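Each reported figure results from applying straightforward, stated rules to the coordinates on display, with no laboratory input. Keep in mind that this is a model prediction, so the values were computed, not measured. Here Cβ is always computed from backbone atoms with ideal geometry, including for glycine, and neighbour counts include all displayed protein chains.
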Amino acid sequence: MKKLVTKAGKYLFIFILITGLNNACDEIESQIPDVPFSFSINLDILNELTIPGNSMYFPGYGFAGVIVYCELEGSYYAFDAGCTNEINSSCKVVADGLTGTCSCCKSQYIFVGGYPSEGPASAPLKQYKTSFFGNTLQVYN
């Protein structure tokens, strides 16, 4: 009976360990409010967004507008322009190529992953989904 209890305890410990590690890999929950949206970008018209390293701001979507960054041809990231340190729709991250800087607290973010590189912000920017069809980029949440 003692062996059975010890064996069950080992399995319980392994189960708890695996569950804990699995939860540690979850995405960071953003404090930026969810605002449903979807929009398309015609890259024939906004062709400067097809150049790797360029980024553009699109007001009126998400919480504080959306920043779209071209990493490589056909590879895009989209983030809410709301600063994760100053959760206020008037404190926007201003895009400048690969990086963006909060207009209020001066936190700086890198658009590959959206992680802060300088300043008081510690959480990454809220990331949105993108899909690419022909010369049209769809951005949505």
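Report the net charge of residues surrounding Val66, where surrounding means a beta-carbon distance below 14 angstrom and charges are Lys +1, Arg +1, Asp -1, Glu -1.
+1
Any chance you could run the full-extension gain for Thr136 through Tyr115? It's 0.36 nm times the residue separation minus the Cα-Cα distance, nm to one decimal.
4.9 nm
Whole-Hz Karplus ³J(HN,Hα) for segment 86-101, in order, using 6.51 cos²θ - 1.76 cosθ + 1.60 and θ = phi - 60°, x for Gly and Pro?
3J(HN,Hα) across segment 86-101, in whole Hz: 10, 6, 7, 5, 8, 9, 10, 7, 8, 6, 8, x, 6, 10, x, 10.
If R0 is 35 Å, what FRET efficiency do you get for Glu48 and Lys106 from their C-beta distance, rounded to 0.05?
For Glu48 and Lys106, the calculated efficiency is 0.85.
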